[in-house]
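All remarks here apply to the structure that follows.
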Amino acid sequence: DTENNNFLFIGSYRDNEINNTHLLTEYLKELRREKITISAINVGCISKEDVNILISDTISIPQHLTKSFSDIVYKNTGGNALFVTQFLQSLWNEGVLLFSLETNIWTWDASAVDAKEIIDDVGVLMGKKINQLPIGCKHAIKMLACVGSKCDKSILKLFMSEMEGMQGSMRRLNHERSDQFLFLDFAVDEGLVKKEGHDYFFAHDEIQNAAYSLIPEFERGLLHKRIGNLIFDHTPDDRVDDVLFLVADQLNRGSEFIKEEKERMELAMLNLRAGEKAMSS
């Protein structure tokens, strides 16, 4: 709209994930050539002082008393905000950081915190945390990671109860694991997943990446194909447009396992339909 001079667009990206030939880089260059104002705000790690403020505020203890503790946390996390919060959670899970009912104050074992293994990859830390969850909860998180960062409960229930684990087989879940949404709610309590209305979504994309990385590579394509087919098969004809992009994405990611000519033609037609819908939007 060339007549609208009051448009503000806010976007975000990780500069370590794009290079000089990336489409986003080229697009930003084009915008600058068009004399469009771009304000870049670099959001880095938080400082040692801010880590202390965060911890002090979290456990309601004056900053001068938490400084030695926060210095160790900063050393182990480098000030990565997600890393800091998950590191604190892991300390609480392991009983290194705990609330004393006798003194009504948070206490910690400084030597145990200092001796804790330093993991310089937040994805590895997230993966370790997910692996410590109950089997059913771990399975539910992996299923959500396959679909994307966010998914409606009505879509999830189309396939989650039909699928089991990542151990090379796909069978109907047994009775003990039947309510996958209880497991997702458990993940919400753990701070890994959030829920708004009927939508479940990952609290951070690093958590989604960690959950997805726990699925063996040789199983991912087959899993995507299975999810796509289950969603498509359980969706009424008059509602297919609502899940068109999701189904096409899942089947495309599992296309190496689509061998029959009839299925490949059906996928091609599905992609055509999705493309036409995208162009008409």
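The values are calculated or read from the model by the stated rules, or taken from the named source; none is laboratory data. Only a predicted model underlies this, so the values are computations on that prediction, with no experimental measurement involved. Backbone-built Cβ (ideal geometry, glycine too); neighbour counts: all protein chains shown. We work out accessible area using only protein heavy atoms, side chains counted, and drop any ligands, DNA or RNA first. Shrake-Rupley method; radii C 1.70, N 1.55, O 1.52, S 1.80 Å.
Numbers at a glance
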{"item": "Test: residue in region 50-61 that is without any contact (Cβ under 8 Å) to a residue 60 or more places away in the chain and in a loop (DSSP other than H, G, I, E, B)", "result": "yes"}
{"item": "Every pair of residues 6+ apart whose Cβ atoms lie under 9 Å, when the first sits in region 4-27 and is free of Cβ contacts under 8 Å to residues at least 24 places away in the same chain and surrounded by 10 or more Cβ atoms within 10 Å (Cβ to Cβ) while the second is hydrophobic (A, V, I, L, M, F, W, C) and assigned to a loop (DSSP other than H, G, I, E, B)", "result": "LEU24/ILE18; THR25/ILE18"}
{"item": "Scope region 81-99; condition of a type outside the set (D, E, K, R), surrounded by fewer than 18 Cβ atoms within 10 Å (Cβ to Cβ) and not in a helix (DSSP H, G or I); matching residues", "result": "GLY95, LEU98, PHE99"}
{"item": "Hey, LEU31 outside any helix (DSSP H, G or I) and either open to solvent by 50 Å² or more (accessible area, probe 1.4 Å) or at pLDDT 85 or above (or both) or not", "result": "no"}
{"item": "Region 34-47: number of residues that are under 30 Å from SER70 (Cβ atoms) and either open to solvent by less than 100 Å² (accessible area, probe 1.4 Å) or of a type in the set (Phe, Trp, Tyr) (or both)", "result": "5"}
{"item": "Residues (small (Gly, Ala, Ser) and either on the phi > 0 side of the Ramachandran plot or open to solvent by less than 70 Å² (accessible area, probe 1.4 Å) (or both)) located in region 100-135", "result": "SER100, ALA110, ALA112, GLY123, GLY127"}
